[in-house]
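Asks: Structure below; questions to follow.
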Amino acid sequence: METVVGKGYFGEFGGSFVPPDLQQVLDVLEENFEKYKEDPEFVAELNYYLEEYVGRKSPLYYAENLTQQLGGAKIYLKREDLNHTGSHKINNVLGQILLAKRMGAKRVIAETGAGQHGVATATVCAMFDMDCTIYMGAEDTKRQELNVFRMELLGAKVVAVEKGQARLKDAVDEAFADLVANYDHTFYLLGSAVGPHPFPTMVKHFQSVISRESKEQHLQKEGKLPTAVLACCGGGSNAIGAFAEYIDDQGVRLIGVEPDKAATMQHGTPGDLHGFRCLVLQDEEGNPLPTYSIAAGLDYPGVGPEHSHLKTTGRAEYVAVSNEEVLAGFQTLSRVEGIIPALESSHAVAYALKFAPTLSPEDSIIINISGRGDKDVAQVYDMLNK
């Protein structure tokens, strides 16, 4: 099932609605991405860093304790939390920085919510000696102080964005404003599967390593495909990476899990956001509505265009969980398996706690553990002690 219909479109979603100057920059980016993505030298260099620097392949771990406690389906965890920098973000960041290097870029900018994309970007900029500026909502800089320090330690300049709700959407706004002003010497290393074409296609390409590995690993362990793949979904980069290789496998259920206070897939309608068309939480005038999630990385009023398409065509399912369920998921995985997941990933865990017992022992599910929870421990401590 080829989901792209027309350049940069997934059904009715996607596209590129940006000023002409910026469109020229995106056209050059697309041209270079298409030129290098299958280039043997580029692929070899990317694979080298994924293996030697990131530590891939990440394990597909059988969560035996959790499986026995819940009953029902076998539960496997795709351990993206074990990657260098602690999340799936490094997969895409490495691909894009190698592209930036080939395009002669000297300055890199990025947006970040929970800070994991910012940390990953600052990491590769340090390694490849590039100037790095990270835009982050002022609210998120308070929630994720440890990640702000990490970025600064790695040599990045962190700009706290005070506008709007001072969260992820506002950081994206500022990053695009910077790109428009400085496009002649700046590479925007976008972290999620959102934005104007070619960003969603490019991010999916680099994140699909998650499902490429998990599919092979699950076939080795079980001799068949999983019953379902679960991943948290905000902008949707870890989820599209976790789903990518299964989209054509109609028997595999794809389940994206959102925060109930930022449930774009439950309540969103088609609209334009950040230069592309997707499902958006918006008012009658088309203005994005305020969102809230305890997981800063999911605090976004839109979603990637391919997720919008997978939802409207019925290929993927999207569900919402409450903050209380997320905290329960965070604590349960920590106590039962000794794995502390990111609050983002805890959304997928939370739904699995309800979903796995409804299946039979012949079934198996994969939960994408998109990141580790070190960054969230202080925040969770405060919430649990209030």
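Asks: Give segment 244-270 a look and list any residue that's crowded, with 19+ Cβ neighbours inside 10 Å and over 22 Å from Ile369 (Cα atoms), or say none.
Replies: Gly268
Asks: I'm trying to understand the selection: among the residues of segment 36-95, which are at positive phi and either touching a strand residue (DSSP E or B) at 6+ places or on another chain (Cβ under 7 Å) or aromatic (Phe, Trp, Tyr) (or both)?
Replies: Once the filter is applied, which keeps residues that are at positive phi and either touching a strand residue (DSSP E or B) at 6+ places or on another chain (Cβ under 7 Å) or aromatic (Phe, Trp, Tyr) (or both), segment 36-95 yields only Gly86.
Asks: If you don't mind, there's one more thing I want to ask. What is the number of the single condition among (1) aliphatic (A, V, I, L, M); (2) touching a His at 6+ places or on another chain (Cβ under 8 Å); (3) in a helix (DSSP H, G or I) that Ala242 does not meet?
Replies: Failing condition for Ala242: (2).
Asks: Okay, moving on. Among the residues of segment 270-291, are any free of Cβ contacts under 8 Å to residues at least 60 places away in the same chain and in contact with a Cys (Cβ under 9 Å, 6 or more places away or on another chain)?
Replies: Checking segment 270-291: at least one residue is free of Cβ contacts under 8 Å to residues at least 60 places away in the same chain and in contact with a Cys (Cβ under 9 Å, 6 or more places away or on another chain).
Asks: Quick one: is Gln207 touching a Ser or Thr at 6+ places or on another chain (Cβ under 6 Å) and either of a type outside the set (Ser, Thr, Tyr) or within 26 Å of Arg372 (Cα to Cα) (or both)?
Replies: Numbers: touching a Ser or Thr at 6+ places or on another chain (Cβ under 6 Å): yes; either of a type outside the set (Ser, Thr, Tyr) or within 26 Å of Arg372 (Cα to Cα) (or both): yes.
Yes: the conditions hold for Gln207.
Asks: Being touching a residue at least 12 places away in the same chain (Cβ under 8 Å), of a type in the set (Asp, Glu), touching a helix residue (DSSP H, G or I) at 6+ places or on another chain (Cβ under 8 Å) and under 30 Å from Glu337 (Cα atoms) is the requirement here; does Glu80 meet it?
Replies: Working: touching a residue at least 12 places away in the same chain (Cβ under 8 Å): yes; of a type in the set (Asp, Glu): yes; touching a helix residue (DSSP H, G or I) at 6+ places or on another chain (Cβ under 8 Å): yes; under 30 Å from Glu337 (Cα atoms): yes.
Here the answer is yes, as Glu80 does meet what is asked.
Asks: Check every one of the strands (runs of 3 or more DSSP E) wholly within segment 275-386 and list those with 1 or more residues that are within 24 Å of Val172 (Cα to Cα) and over 20 Å from the mean Cα position of the chain (by Cα).
Replies: none
Asks: Restricting attention to segment 159-197, which residues are over 20 Å from the mean Cα position of the chain (by Cα), of a type in the set (A, V, I, L, M) and not in a helix (DSSP H, G or I)?
Replies: Hits for segment 159-197 are Val159, Ala160, Val161.
Asks: Specify which of the listed residues (Cys132, Cys125) is part of a strand (DSSP E or B), closer than 25 Å to His205 by Cα, at pLDDT 95 or above and in the same structural domain as Gly195 (by TED's automatic domain parsing).
Replies: It is Cys132.
Asks: Taking segment 62-108 only, how many residues are surrounded by fewer than 24 Cβ atoms within 10 Å (Cβ to Cβ), touching a Gly at 6+ places or on another chain (Cβ under 7 Å) and of a type in the set (D, E, K, R)?
Replies: Selection size over segment 62-108: 1.
Asks: Which residue is surrounded by the most Cβ atoms within 10 Å (Cβ to Cβ), if the candidates are limited to segment 134-153 and must be in contact with a helix residue (DSSP H, G or I) (Cβ under 7 Å, 6 or more places away or on another chain) and more than 18 Å from Asp374 (Cα to Cα)?
Replies: Out of the qualifying residues, it is Met136.
Asks: Based on this model, can you work out whether Glu30 counts as within 27 Å of Leu310 (Cα to Cα), exposed (fewer than 15 other Cβ atoms within 10 Å of the Cβ) and of a type in the set (Asp, Glu)?
Replies: No.
Asks: Among the candidates Leu353, Leu333, Leu310, which residue alone is surrounded by 18 or more Cβ atoms within 10 Å (Cβ to Cβ), closer than 30 Å to Lys221 by Cα, out of contact with any strand residue (DSSP E or B) (no Cβ under 9 Å at 6 or more places or on another chain) and not β-branched (Val, Ile, Thr)? Let's see the steps before the verdict.
Replies: Details: Leu333 fails: out of contact with any strand residue (DSSP E or B) (no Cβ under 9 Å at 6 or more places or on another chain); Leu310 fails: out of contact with any strand residue (DSSP E or B) (no Cβ under 9 Å at 6 or more places or on another chain).
On inspection, the qualifying residue turns out to be Leu353.
Asks: Next question, about the same structure. Examine segment 212-233 for a residue that is at pLDDT below 95 and either buried (at least 16 other Cβ atoms within 10 Å of the Cβ) or part of a strand (DSSP E or B) (or both), and state whether such a residue exists.
Replies: Applying the first criterion (at pLDDT below 95) to segment 212-233 yields none.
No, because not a single residue in segment 212-233 is at pLDDT below 95 and either buried (at least 16 other Cβ atoms within 10 Å of the Cβ) or part of a strand (DSSP E or B) (or both).
The values are calculated or read from the model by the stated rules, or taken from the named source; none is laboratory data. Computed from a prediction, not measured in an experiment: that's the story for all the values here. Positions of Cβ are backbone-derived with ideal geometry, glycine not excepted, and every protein chain shown enters the neighbour counts.
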